[in-house]
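Comments concern the structure below.
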Amino acid sequence: MKIYDVPGFPNPLRVRIALAEKGLTDQVEFVKVDLLGGEHKEDAFLAKNPSGTVPVLELEDGVYISECTAITEYVDHLDGKPALTGATPRDKAVIHMMQKRAEAELIDAVADYFHYATPGLGPKIEDGKKTVWTGRDAFGRKQGDRAVAGMRYFDQILRDQPYVAGDQFSMADITVLGGLVFAGFAKLDVPEDCTALSAWRTRVQERPSVKAA
Ligand SMILES: N[C@@H](CCC(=O)N[C@@H](CS(=O)(=O)O)C(=O)NCC(=O)O)C(=O)O
């Protein structure tokens, strides 16, 4: 397997943690993409992923898989013992639901704040993305507020259960952690009173997979 990504960036981190959780990291060739230089917006990369984002997984048969959730589902099922995406219909559904909330209300909202309300990845990348749109800064700030509301939501969830989707660590936890890492990138602070979320982060950061990623 080959993964095109940028080490240390939030969404690539989601897949790197999943690979480490499954013990597959050493079976992957990582190919660094020059994100700041705009390589991901060039035709050669767009042919791998028309969305122009990382990470992208390339399989032995040449198929390209983008989207962290899809990549995580792929690696989680390779050994027939899904541990991150749910082993029963019920667990699969709850994890899928919480994963979607972690994307929509946290990591993707932070990404919008980062790209539209801050200098983001710099003018070479961002100007292409930000068409001349008078409301773009206001949209970015609104998404920042949405991300902070998302932090409060997950704080409430984690007051009643040890992990984002219930009693077990899952890909939904990985996505919330990616969202908090992205928030740090974007200088979007976790509210002081989100004590359950902060305690959960301290706990999951002790996982070998997180330390290794
Ligand atoms: N929904 C995508 C999001 C991927 C994404 O936005 N990746 C960022 C990198 S990261 O900063 O989120 O880690 C990217 O490629 N951004 C390039 C750009 O926005 O031009 C996924 O799940 O893979």
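Rule-based calculations on the coordinates, nothing more; no lab input. Given the structure is predicted, the values throughout are model-derived calculations rather than measurements. No Cβ is skipped: glycine too gets one built from the backbone with ideal geometry, and neighbour counts run over all protein chains shown.
Here are some notes:
- Taking the DSSP bridge list for the range 2-76 and keeping only pairs wholly inside it, about 60 percent are antiparallel.
- Cα-based shape type of the chain, given that a ≥ b ≥ c are square roots of the gyration tensor eigenvalues and the cut on a/c is 1.5: oblate
- Here the spin labels are modelled as points 7 Å beyond Cα on the Cα-Cβ line, and at Y153 and A83 they lie 2.9 nm apart.
- Residue range of the chain that is longest and free of GluC sites (Glu not before Pro) which are both DSSP loop and sparsely packed (at most 15 other C-beta within 10 Å): 61-191
- Mean residue ellipticity at 222 nm, helices only, the chain: -16000 deg cm²/dmol; runs of at least 4 DSSP H residues each add -39,500 (n - 2.57), and the sum is divided by the number of residues.
- Taking I65, I17, I95 and counting other C-beta atoms within 10 Å, the order from fewest to most: I65, I95, I17
- Gyration tensor verdict on the range 43-131 (Cα atoms; rounded if a/c is under 1.5, prolate if a/b is larger than b/c, oblate otherwise): oblate
- Simple label model, 7 Å out from Cα along Cβ direction - E192 to V63, nm: 5.1 nm
- The aspartates and glutamates whose alpha-carbon is closer than 16 Å to the alpha-carbon of K32, local same-chain residues fewer than 8 away aside, are D5, E42, E58.
- Computed packing ranks the peptides 139-149, 115-125 as 139-149, 115-125, most packed first, by mean other Cβ atoms within 10 Å.
- Farthest toward positive dipole pole in the chain [+1 Lys/Arg, -1 Asp/Glu at C-beta], among L188, A87, I174: L188
- Stretch gain in nm, segment D145-S51, where the contour uses 0.36 nm per residue and the Cα spacing is subtracted: 31.3 nm
- Applying a threshold of 30 Å to the alpha-carbon distances of K2/K100; K41/K81; K22/K124; K2/K142 flags K41/K81; K22/K124; K2/K142 as lying beyond it.
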